[in-house]
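Nothing in this text is a laboratory measurement; each read-out follows from the coordinates by a stated rule. Quick caveat: nothing in here was measured; it's all calculated off a predicted structure. Glycine gets a Cβ as well: all are built from the backbone with ideal geometry, and neighbour counts include every protein chain shown.
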Amino acid sequence: MISHRPCCLRILYRVLNTSTDFPPRDFLGMSRDTPSWPVVCLKLTTVADTPHSSTSPGMSGDGGGDRAWARLWQDYMLPLEAARWPSMTSLPGAAKKYKKVTGKEIYSDTLESTPMLEKEKFPQDYFPECKWSRKGFVRTRWCVADCAFDLVNIHLFHDASNLVAWETSPSVYSGIRHKALGYVLDRIIDQRFEKVSYFVFGDFNFRLDSKSVVETLCTKATMQTVRAADTNEVVKLIFRESDNDRKVMLQLEKKLFHYFNQEVFRDNNGTALLEFDKELSVFKDRLYELDISFPPSYPYSEDSGQGRQYMNTRCPAWCDRVLMSPSARELILKSESEEKVVTYDHIGPNVCMGDHKPVFLAFRIAPGAGKPHAHVHKCCVVQ
């Protein structure tokens, strides 16, 4: 439980796969003059990083990125007094106690030895290339302002080939992600633990419907197919304008998506392309998301001087998301309406953050908001 006095709380997550070096000090809009909101900084790198990466919460000092986040903590992070469920692995019916968190805690061992979370990889038969990786999910349970909720960090499967993704609508990879996300949702609402509201966030690897996007971007183009001489396999597609000297509009290979005009993904934050963002629609009765008003979060250039530039490797897409259960949505809807207190956005729009731009959700929550007839008071910002 946090202090009963009205306060603000900001919970900040480092997004999976973010390996860039430390960005400028103002990349979160924070400075030493920022109002003294308590902050907890979590680095959940489990399902994508090395087996010995740091665990939640805190950062290790192994890599440049970790040292950067440690410096961020030292410069900006303020003490937090909150509570968490100490064990996500206890048997149903066992004592479920929250552990008060005060100040700073750093775990530097493997996640398997950390009793305050649940970590699980997807079953091996879920992996499209039959190579068992660390993709899966991590869950922690929190109690803030007398309101309990789960934070579930997820990493789903990527598109291994642009050419395969283009073949069908929806793509075969979309089906694999659908199966994996359904697995996670079933696990976090099973009978092992008491059910609470939950937020699911991380790298969902959701992609735009490739076939539809290409047809829209290259409506007046003609397609040239290039095949391998030895196998006759399609290795490249070239889309050229019918006139205008047959100018190349798009080149598509296994790991190449080179469209001649990247501005289409940045104009009005690319929201004209949201009609092709269809993967979440399958879960419309189980997951909710606020309206997206930020540009596609992946794949950005990792050149430190190209913070707004996309790489020509994949079609830009909103891979990084923050989703919530219907009951978690109710927590947000109970936010006070006298001012705008809900923000769903990305971090570092003009700064190199690696190939993914981190995405966050911030909102106020009243003490006991998860309980019926709770009194409404300004309390905290969860991000």
Estimated distance in nm for a label pair at Ile106 and Thr216, the labels positioned 7 Å out from Cα along Cα-to-Cβ: 4.7 nm
Farthest positive-ward along region 220-370 dipole, Cα basis, beta-carbon charges - from Leu256, Asn232, Leu274: Asn232
Distance cut-off 28 Å, percentage of C-alpha pairs in region 213-363 lying past it: 35 percent
Sparse-neighbourhood loop sites, trypsin sites (Lys or Arg not before Pro) in region 161-227 - DSSP loop, at most 15 other Cβ within 10 angstrom: Arg192, Lys195, Lys220
Binned Cα-Cα distance frequencies in region 195-250 - 5 Å width, integer %: 4, 15, 16, 14, 13, 12, 8, 5, 4, 4, 3, 1, 0
Directionally averaged shadow of region 282-368, computed from the convex hull of its alpha-carbon atoms, nm²: 7.1 nm²
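Express in nm, to one decimal, how much length is gained between Lys284 and Trp132 on full extension, taking 0.36 nm for each residue of separation and deducting their alpha carbon distance.
Details: separation 152, 0.36 × 152 = 54.72 nm, distance 2.92 nm.
51.8 nm is the gain from fully extending Lys284 to Trp132.
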Entries in Lys254/Lys357; Lys220/Lys278; Lys99/Lys357; Lys254/Lys278; Lys119/Lys334; Lys255/Lys357 that, when Cα-Cα distance is taken, lie over 29 Å: Lys99/Lys357; Lys119/Lys334
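Using the Kirkwood radius over C-alpha pairs as Rh, can you work out the diffusion coefficient of region 116-220 via Stokes-Einstein at 37 °C, viscosity 0.692 mPa s, in µm² per second? Write out the running numbers ahead of the final one.
Values: Rh = 15.5 Å.
D, rounded to a whole number, is 211 µm²/s.
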Contour excess over end-to-end distance, with Cα ends at Val264 and Asn244 and 0.36 nm allotted per residue: 5.3 nm
Paramagnetic reach from His178 in region 272-287 [backbone N under 12 Å; point 7 Å along Cα→Cβ]: 278-284
Whole-Å distance, taken between Cα centres, linking region 203-242 and region 125-185: 25 Å
Given charges at beta-carbon only (K, R positive; D, E negative), |dipole| of region 121-240 in Debye: 160 debye
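Using every Cα-Cα pair within region 223-262, state what percent have a distance larger than 11 Å. Walk me through the intermediate numbers first.
On the way: 501 of 780 pairs.
Beyond 11 Å sits 64 percent of the P(r) for region 223-262.
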